[in-house]
Amino acid sequence: GNSVTQMEGPVTLSEEAFLTINCTYTATGYPSLFWYVQYPGEGLQLLLKATKADDKGSNKGFEATYRKETTSFHLEKGSVQVSDSAVYFCALNPAGTASKLTFGTGTRLQVTL
Amino acid sequence: DGGITQSPKYLFRKEGQNVTLSCEQNLNHDAMYWYRQDPGQGLRLIYYSQIVNDFQKGDIAEGYSVSREKKESFPLTVTSAQKNPTAFYLCASSIVRGSNYGYTFGSGTRLTVV
């Protein structure tokens, strides 16, 4: 079946540090891949996505590259801010099917001054 | 602006009572979903619907019920059979066809049993 594995948190960084949150997946074919962000007490917001191998999704300084050879979609940001503190979810949508996302368990990011 | 509205934001329920959470969308999306999120945990799918008057159980449907009488609305009822209903509930919607589209989420309802 389909699955998404994320690194466990919390990830604690100082402001302006480099961020990587690892995400690997298991799926047949070429799924679409997503990163969502959840701020405290709120719903999830789509952060970025990639729909085919080698695509790079980017938004608000965050980037992730769809790596078919390593089945990965790691989230990166060059310089984090306190306002980036949130929970980040990686997700996949299997290829050729109606929309039915599989989510990872989420990774909490805490950024301190 | 189009979006998903969940109400109320906070809800308190006495043990043994049923309670209904509202979810309305004006995105013209065919599919709608309900998820449960416990503190520090990921998302667990309760029910989903891809078309009006049809819905399917997710991974944790026991103690919950839904209806889909209108495309825009997908209310969730937490029944007295749900033994541990205190959680954060999230509603989402999406286009059905194709795998390139993600979900749009509401802002959630926090349910507490008192």
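The values are calculated or read from the model by the stated rules, or taken from the named source; none is laboratory data. These figures come from a predicted structure and were not determined experimentally. Heads up, the Cβs are rebuilt from the backbone with ideal geometry, glycines too, and the neighbour counts pull from every protein chain shown. Note: areas computed on protein heavy atoms with side chains; ligands, DNA, RNA excluded. Shrake-Rupley method; radii C 1.70, N 1.55, O 1.52, S 1.80 Å.
What does the charge count around B:Ser93 come to, taking other residues whose C-beta lies under 11 Å from its C-beta (Lys +1, Arg +1, Asp -1, Glu -1)? All intermediate terms of the calculation are to be shown ahead of the outcome.
Working: positive: B:Lys71; negative: B:Glu24, B:Asp30, B:Glu72.
Cβ neighbours under 11 Å give a net charge of -2.
Report in % the part of the accessible area of the protein assembly as shown that belongs to carbon and sulfur, leaving out ligands and nucleic acids; probe 1.4 Å. Walk me through the numbers before you get to the answer.
Details: 5100 of 10870 Å².
Reported share for carbon and sulfur atoms: 47 percent.
Which trypsin sites (Lys or Arg not before Pro) does region A:29-71 hold that lie in a coil by DSSP with at most 14 other beta carbons within 10 Å?
A:Lys52, A:Lys60, A:Lys68
Express the accessible area of chain A per residue in Å², computed with a 1.4 Å probe while the remaining protein chains stay in the model. Intermediate values should be presented prior to the final figure.
Working: 5190 Å² over 113 residues.
Roughly 46 Å² per residue, with all protein chains present.
Among residues other than A:Ala17 whose Cβ falls under 14 Å from its Cβ, what is the net charge (Lys/Arg +1, Asp/Glu -1)?
On the way: positive: A:Lys77; negative: A:Glu15, A:Glu16, A:Glu76, A:Asp84.
Charge balance in the 14 Å sphere: -3.
Counting only protein heavy atoms and rolling a 1.4 Å probe, how much accessible area do B and A lose on contact, total for both sides, in Å² to 100?
1700
Which residues of region B:13-43 end up with at least 50 Å² less accessible area in the presence of all protein chains than when their chain stands alone, using a 1.4 Å probe?
B:Leu43
Quick one: accessible area per residue over chain B, 1.4 Å probe, rounded to a whole number of Å²? Working shown, then result.
Numbers: 5680 Å² over 114 residues.
Ligands and nucleic acids excluded, the figure is 50 Å² per residue.
Amide H neighbours of A:His74 under 5 Å, counting only residues 5+ apart in sequence or on other chains, H built in-plane at 1.01 Å?
A:Cys23, A:Thr65
Does region A:33-96 classify as rounded, prolate or oblate by the C-alpha gyration tensor (a ≥ b ≥ c root eigenvalues; a/c under 1.5 gives rounded; else a/b over b/c gives prolate, otherwise oblate)? Before the final figure, lay out each step's value.
Numbers: a/c = 2.56, a/b = 1.52, b/c = 1.68.
Because a/c hits 1.5 or more and a/b fails to exceed b/c, region A:33-96 counts as oblate.
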